[in-house]
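This report refers to the structure that appears directly beneath it.
No value in this document is a laboratory result; all are computed from the given coordinates. Small disclaimer: the values here were computed from a predicted structure and weren't measured. Neighbour counts are summed over all protein chains in view; Cβ atoms, including those assigned to glycine, are modelled from backbone coordinates with ideal geometry.
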Amino acid sequence: MVGERLGALRAPLGKFAVLGNHDLWADDRHIVRTLEESGIRVLINETAKLAPPFAHVSICGVDDPWTGSRDGRKAFVGADGFRILLAHAPEALLTVGDERFDLGVCGHTHGGHIALPGGVPIIVPGPLGRRYAHGRFDLADGETLIVSRGVGATEVPIRWNAAADVLVIDVG
């Protein structure tokens, strides 16, 4: 059912995904197969270039920094022009070294699941999770990181002051 819904999404420039820790803890081969059958290219430390007239855009997909292959630099091989870093978690920043990107997109933090009023997270996963719990962050050298709260939950399905979100990012 999820595969059918994802397959129905219109994306004239392509659909791309990276795996997260829960995907890799589950049956990741089945997940990759389902995504690929839905027309989604799964990037595991690799680059995909968009078709002309957007051939100057590279999607650099980094494997999950927790349970995947921690070779984020490999995701940038062959990338040039405008680089979009696609990662599951902000900790991917620790695996890409000094590789340049223009826009980074990730999630994993769920906004902290439990946050104080105003969205200040109390509990967030990972060493960079508190710093990049959710929202837009302007990093060094003009890099931008956008962190979604996502729609899921973890072992304890509780969200308090950390509403789920799905982001639409217009790169123009």
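Filter segment 96-123 down to residues that are surrounded by fewer than 19 Cβ atoms within 10 Å (Cβ to Cβ) and farther than 24 Å from Val77 by Cβ, then give me how many there are.
Counting residues in segment 96-123 that are surrounded by fewer than 19 Cβ atoms within 10 Å (Cβ to Cβ) and farther than 24 Å from Val77 by Cβ gives 8.
Starting from residues that are part of a strand (DSSP E or B) and of a type in the set (Gly, Ala, Ser), keep the ones in segment 47-100 and report whichever is farthest from Arg130 (Cα to Cα). Give the derivation first.
In the first step, residues of segment 47-100 are kept if they are part of a strand (DSSP E or B); the result is 47-49, 57-61, 82-86.
Now restrict to residues that are of a type in the set (Gly, Ala, Ser): 48, 58, 61.
Numbers: Ala48: 30, Ser58: 28, Gly61: 23 Å.
Residue satisfying both the conditions and the ranking: Ala48.
Residue-by-condition table, conditions (1) closer than 13 Å to Leu103 by Cβ; (2) in contact (Cβ under 8 Å) with a residue 40 or more places away in the chain:
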position: Ala51; (1), (2): no, no
position: Phe54; (1), (2): no, yes
position: Ser58; (1), (2): yes, no
position: Asp64; (1), (2): no, yes
position: Thr67; (1), (2): no, yes
position: Asp71; (1), (2): no, no
position: Phe76; (1), (2): no, no
position: Ala89; (1), (2): no, yes
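Could you say which residue among Val124, Val156, Val168 is within 15 Å of the chain's Cα centre (by Cα) and in a loop (DSSP other than H, G, I, E, B)? Don't jump to the end; show me each part of the working.
Numbers: Val124 fails: within 15 Å of the chain's Cα centre (by Cα); Val156 fails: within 15 Å of the chain's Cα centre (by Cα).
The match here is Val168.
Quick check on segment 132-143: of everything there that is of a type outside the set (A, V, I, L, M, F, W, C) and crowded, with 16+ Cβ neighbours inside 10 Å, which residue is nearest to His113 (Cα to Cα)? It would help to see each step written out before you state the result.
Pass one, segment 132-143, residues of a type outside the set (A, V, I, L, M, F, W, C): 132, 134-136, 138, 141-143.
With crowded, with 16+ Cβ neighbours inside 10 Å added as a condition, the list becomes 132, 134, 143.
On the way: Tyr132: 13, His134: 11, Glu143: 26 Å.
By that ranking, first place goes to His134.
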